[in-house]
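Here the structure is laid out as structure tokens; the discussion comes afterwards.
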Amino acid sequence: MNDLPQPMRSVWHSLLWKEWHEHKWKLAALTAVSVGALIAFDLVAPDSLLSALIGIPTAFCILAGTFLGMSTAGGESGRKTLPFLQSLPIPMWQPGAVKLSMAAVTAILPLLVFIVVFWVWWTFLWFFSIDISQAGIHRFHYHPWGIPNWLAATAAGSALGVSSLLLWMAAMGSNRSDEVRSGAIGFLIICMVWFVLASGLELAEKWHLPTLKYGVKVLFAAAPGGVAFVGIDKQLENHFVWWPHFLAATLGHGCLLAWYLRRFGKVVPGSSRSDGKTLALAGAKYQHLAPPMRSRLTAIAWKQVRETGPLVLMAIGSIFLMTTLAYLFNDRRVSIHEVGQTLSGITMSVGFFVALVAGIGVFLEDLKPRVDDFWRSRPVNYLLWFGVKFVVGAVILITTFGLLMLLAHWLIDRSFLRNAMHPILTAGFFGLVFLLIYTLSMATYCVLRQPLYAAVLTIGLLMGGWIAFLWICHDFFGDSLLSWQTALVLLLLSQVAATVLAWQAVKRNWQIAAI
Amino acid sequence: MSDPVIEFEAVSKSFRRNQVLREMSLQVERGHTFAFLGRNGAGKTTAIRMLLGLLDRDAGEISVLGLDPTRQPLELRARVGYLAEDQTMYGWMRAAEMLSFIAPFYPTWDHDLAQKYAREFEVPLQTKIKHLSKGQNVRLGLVLALAHRPELVILDDPALGLDPIMRKQFNRDLITHLQGEGRTVFYSSHLLYEVEPVADEVAILDQGSIIRQCSTEELRQDVKQIMLAREAVAVLDGKSILDKRPNGQEMAIVVEGAEAAIAKFQSEGVEHRVIDLNLDEIFEAYVVGQGDEESTAAAEPVASPR
């Protein structure tokens, strides 16, 4: 059988077929993660299952919006297929639109499945007496957007929130050379947008400008993911003056969509620089050549610093921005102690994200098809290459976040250095957790060679591992194993397993291409 | 009568402070096979991206098939077949799926022709693109570039990944086939010995400017190497000397306007020997030749007489 199948019916048919193929496993993976998270939540904290209805969609929105946005913005460039797409006789907004729409479907469908599963779980498995459609109102005392069914309101809010975040990430990160760069730029811009809005709110409070305050709150609807928060603004529930928010959200996201569609694929990533550099090299007769690096180790370490450094610097910037943001958003004056607590919380949350992305980034460039051939064909010891990259990336990550955590503890308790054992141990424990996330995402990327799948699998493995640990301790050992010592041993064992997996994947060039 | 398919008129392009194209002008006539020659980094790929409307020019005018690539890129791309240097396609698609996928993008796509080319080029249709060899990848790229019967075929160093037999087959069979169909072929390469047998016309791009454009035969007739006594070089106008190297007791010079130079030597009674050059040697003389500057280089082997 070497006959061609029939040509597809139209350009839209072709593009939809391609995007569906590229998103179907992402959809399956994200659905599994969202439903898996519910099962995990029920196993760990069955008494507070209702909180899962807020916590899981929120976490899902942030992760799915970010990772799908990164993939939409930088996926084609990362795979070097953008020039091929550009050479086709179609306007680039068409593939851009299909790609974004399919990403939105991939983000929203798992949320809807989660809501349905939650309802089934709640109603038929636990037989809770409270009607779930009203449960949120009992617990949290508000109607999002005034929608009487709390489940429907949560679904609507999450879907809008994740779509907004996805659009922001895709628009801000487009035309970068790969997913990680798209994600880093998008994440930083999103933090800055929220920083500007929060500053506006703070100024309005300080100078008693109610109109400005109202204006800024209206603009929240246009901010990344902000549309999800509009629904839980209690003032809206009382007055139902939602049309300015609706207008802001529609106009803001409409402009952003137009901007994304106009820009998508308009630039060949890196072309201007590479062309310019090549010509400069060809034309210049005398160029200063830096001395060679002292050793292979120095050279690999330098490369890794250049690769991980910018991401970590962006993360530090984002953490300080977000801490300031949280400070500004607070209605009352907060103490330095509370600022320290906020810094600690944000460092942990951003640290999780950065460890995940940095881990994927360690071999992102190295394992691309032609680059892979390039470095493997040099007289380089694979173990040295792997070891130096892994260790340098880990040291940068742990040092940065360790220092941030120590700063946070210093702000919480200025005298902590006199009794530093506890915070240092805590920081050390979380350092190990970050290290595991970093190593695991590196290992999953080395095996899958797809950033988004690697991220989803890492989250799944972490979640699954944690739940399995709690479940085994709880159900089989009556909590007698549930101690920090056991957790530490398991962390170290997982760390070793992930490192060995990553090393073997690099050494033997293993890959299970998901698509 | 002139019927240019491609026209560049004083086109300039810079990336930040690096000027890649400097008032570049060239014309490609319909039905010709045009070899666009230049060293790596000379600006060939930039010019091709501008041809397809993938990059905007800073100055000058470009017309391709009577269209402005910046203003009508889609109409243009529908009529052009393009194979990029080291073209990367979707690795997860099978070759057959790729052809079916691409078909609706081109109004003139001929699926039977795609099937015919795929068979002729021995493209394994049921294999995933990521598992194709380099040669198979190039051949699939060619099917994609040709199955919509384009008026203009742009090939950006296409034979780069092919083995010698495939390269020969590619150049002789495919280009000859395209020439037979009256298609215009714009062929960018730096493998000159491969271009030479098939190109009707040649343009040499160096540091962003076309330094010579003419028919291949005219170029061969016009640029020759002349061996003569060292002191006799002064007889010639320095501007026509492209390269000058000592060769034992003699001097080997490569001149542009060989006929006039030879006539001058004959009229002055200068003893000399004329050597024909191939395209490689002519190209070398244009882009790295030492012209009228005093050569200090050690004697290097020169082209042998044929």
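For B:SER25, the residues 5 or more places off, or on other chains, whose built amide H falls under 5 Å of its own are B:ALA10, B:VAL11, B:ILE210. In chain B, the portion of solvent-accessible area held by carbon and sulfur atoms comes to 46 percent [1.4 Å probe, whole percent, DNA, RNA and ligands not counted].
Here the extension length gained between B:TRP92 and B:SER12 equals 24.9 nm, from 0.36 nm per residue of separation less the Cα-Cα distance.
Excluding B:SER12 itself, calculate the net charge of residues whose Cβ lies under 12 Å from the Cβ of B:SER12, where each Lys or Arg counts +1 and each Asp or Glu counts -1.
On the way: positive: B:LYS13, B:ARG22, B:ARG57; negative: B:GLU9, B:GLU23, B:ASP56, B:ASP58, B:GLU61.
So the environment of B:SER12 carries a net charge of -2.
A protection proxy built from the mean count of other Cβ atoms within 10 Å ranks the segments A:303-316, B:255-268, most packed first, as A:303-316, B:255-268.
If each DSSP helix of 4+ residues adds -39,500 (n - 2.57) and the sum is divided by the residues in chain B, what number results at 222 nm, nearest 500 deg cm²/dmol? -8000 deg cm²/dmol, from helical runs alone.
Mean per-residue shielding of peptide B:17-28 is 2, counting Cβ atoms of other chains within 10 Å of each Cβ. Comparing the full protein assembly with the isolated chain, the residues of region A:6-33 losing at least 50 square angstrom of accessible surface (1.4 Å probe) are A:PRO7, A:TRP17.
Taking a 27 Å limit on the Cα-Cα distance, which of the listed pairs A:LYS303/A:LYS368; A:LYS266/A:LYS389; A:LYS24/B:LYS128; B:LYS44/B:LYS134; A:LYS368/A:LYS389; A:LYS99/A:LYS389 fall beyond it? Each step should come with its number before you reach the end.
Working: A:LYS303/A:LYS368 16 Å; A:LYS266/A:LYS389 34 Å; A:LYS24/B:LYS128 18 Å; B:LYS44/B:LYS134 22 Å; A:LYS368/A:LYS389 16 Å; A:LYS99/A:LYS389 33 Å.
Beyond 27 Å: A:LYS266/A:LYS389; A:LYS99/A:LYS389.
Spin-label pair A:GLU365-B:ARG30: with each label point 7 Å from Cα along the Cα-Cβ axis, the two points sit 4.9 nm from one another. Estimated at 0.36 nm per residue, the fully extended path between A:SER48 and A:TRP207 surpasses their Cα-Cα distance by 53.1 nm.
How big is the B/A interface in buried accessible area, both sides summed, 1.4 Å probe, to the nearest 100 Å²?
Details: alone 15080 and 26610 Å², together 37820 Å².
Summing both sides, the interface buries roughly 3900 Å².
Taking square-rooted eigenvalues a ≥ b ≥ c of the alpha carbon gyration tensor, is region B:1-92 rounded, prolate or oblate, where a/c under 1.5 means rounded and, failing that, a/b exceeding b/c means prolate? Walk me through the numbers on the way to the answer.
Numbers: a/c = 1.38, a/b = 1.03, b/c = 1.34.
Taking the square roots of the gyration eigenvalues as a ≥ b ≥ c, region B:1-92 is rounded.
Counting Cβ atoms of other protein chains within 10 Å of each Cβ in B:36-42 and taking the mean gives 3.
Annotation: A:THR323 carries an accessible surface of approximately 10 Å², with a 1.4 Å probe and no ligand, DNA or RNA atoms counted. Near the amide H of B:PHE15, within less than 5 Å, lie the amide hydrogens of B:VAL20, all on another chain or at least 5 residues away, with H placed in the peptide plane.
Net charge in the neighbourhood of B:GLY60 (other residues with Cβ under 14 Å of its Cβ; Lys, Arg +1, Asp, Glu -1) is -4. Value of Rg to Rh for the protein assembly as shown, rounded to two decimals, is 1.05; Kirkwood radius and Rg both from alpha-carbon coordinates. For region B:212-217, the Karplus equation 6.51 cos²θ - 1.76 cosθ + 1.60, evaluated at θ = phi - 60°, returns couplings of 6, 9, 6, 6, 4, 5 Hz by residue, with Gly and Pro reported as x. Modelled spin labels at A:ILE424 and A:MET348, positioned 7 Å past Cα toward Cβ, are 2.1 nm from each other. Which of rounded, prolate or oblate describes region A:186-231 when judged by the alpha-carbon gyration tensor and an a/c cut-off of 1.5? Oblate, since a/c reaches 1.5 and b/c is not below a/b. Quick one: go through region B:198-237 and flag any residue whose amide nitrogen is under 15 Å from the point 7 Å out along the Cα-to-Cβ line of B:ARG172. It comes to B:198-199, nothing else. Per atom type, region A:11-266 shows carbon and sulfur on 74% of its accessible surface, probed at 1.4 Å. Of the peptides B:112-124, A:155-167, the order by per-residue mean of other Cβ atoms within 10 Å, starting with the highest, comes out as A:155-167, B:112-124. For region A:428-445, the Karplus equation 6.51 cos²θ - 1.76 cosθ + 1.60, evaluated at θ = phi - 60°, returns couplings of x, 4, 5, x, 5, 4, 4, 5, 5, 4, 4, 5, 5, 5, 5, 5, 5, 5 Hz by residue, with Gly and Pro reported as x. Averaged per residue, the protein assembly as shown has 46 square angstrom of accessible surface, using a 1.4 angstrom probe with ligands and nucleic acids left out.
3J(HN,Hα) along region B:262-276: 5, 4, 5, 4, 5, 5, 8, x, 8, 6, 7, 10, 9, 10, 6 Hz, from the Karplus curve 6.51 cos²θ - 1.76 cosθ + 1.60 with θ = phi - 60°, whole Hz, x for Gly and Pro.
State whether region A:11-266 is rounded, prolate or oblate according to the following rule on the C-alpha gyration tensor (a ≥ b ≥ c being the square roots of its eigenvalues): a/c under 1.5 gives rounded; otherwise a/b larger than b/c gives prolate, and the remaining case gives oblate.
Details: a/c = 2.18, a/b = 1.23, b/c = 1.77.
Note, shape of region A:11-266 comes out oblate.
Each label was represented as a point 7 Å from its Cα along the Cα-to-Cβ direction; for A:PHE476 and B:ILE275 these points are 8.3 nm apart.
Close amide H pairs (under 5 Å, H built 1.01 Å from N) link B:ASP110 with B:HIS148, B:ARG149, residues at least 5 positions away or on another chain. For region B:63-78, heavy-atom accessible area (probe 1.4 Å) falls by no less than 40 Å² from the chain alone to the full protein assembly at B:LEU74, B:ARG77. Within the shell defined by Cβ-Cβ distances under 15 Å, the residues around A:PRO110 carry a net charge of +2, with Lys and Arg each +1 and Asp and Glu each -1.
The values are calculated or read from the model by the stated rules, or taken from the named source; none is laboratory data. Just so you know, these numbers come straight off a predicted model, no measurement behind them. When we count neighbours, we look across all protein chains shown, and the Cβ atoms used for this are built from the backbone with ideal geometry, even at glycine. Protein only, heavy atoms only, side chains kept; ligands, DNA and RNA dropped before computing areas. Shrake-Rupley method; radii C 1.70, N 1.55, O 1.52, S 1.80 Å.
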